[in-house]
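Since the structure comes first, as structure tokens, the remarks are kept for the end.
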């Protein structure tokens, strides 16, 4: 069983049911088993920003695109079919492993023992770090315009 499964599911915010099933699937089969994510497939970079995956993963994404672009240029000049195939494989990889990457990021953050002194503060910070951008906007709107 994944450590802190309830904390992981609580940190997700929107689309909690999907991630609850994904955590169970990853728990049963391991992190290397792909869990398909349509949002990561279609909007991989935008999905990473929406899910607040952080600068490390955005940098990884940019570096991968740079390396992929260099490979395409060097190896497949004027061969558009191979270029398209390589890009499709890249996008499919994000669809297959985007959820795994997200859950791994949350579990790595949860493992930081220094954050666990105050349980309520820890839950608030975890939700703020890994929820969605829309959750942040709604929270800010409630702070500015109380009922």
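If I take R0 = 41 Å and measure r between the Cβ atoms of residue 20 and residue 64 in this structure, what FRET efficiency does the formula 1/(1 + (r/R0)^6) give, to the nearest 0.05? Efficiency, from the Cβ-Cβ distance: 0.90. Under the simplified labelling scheme, the residue 31-residue 55 pair shows an inter-label distance of 2.2 nm, with each label point 7 Å from Cα along Cα→Cβ. Peptides 46-57, 80-91, 23-34, 99-110 ordered by packing proxy, namely the average of other Cβ atoms within 10 Å per residue, highest first: 99-110, 46-57, 23-34, 80-91.
How much length, in nm to one decimal, is gained on full extension between residue 88 and residue 125, taken as 0.36 nm per residue of separation minus their Cα-Cα distance? Here the segment from residue 88 to residue 125 would lengthen by 9.7 nm.
Each value in this text was obtained by applying a stated rule to the coordinates, not by laboratory testing. Source: prediction; values computed, not measured. Positions of Cβ are generated from backbone atoms using ideal geometry, with glycine treated the same way; all protein chains shown enter the neighbour counts.
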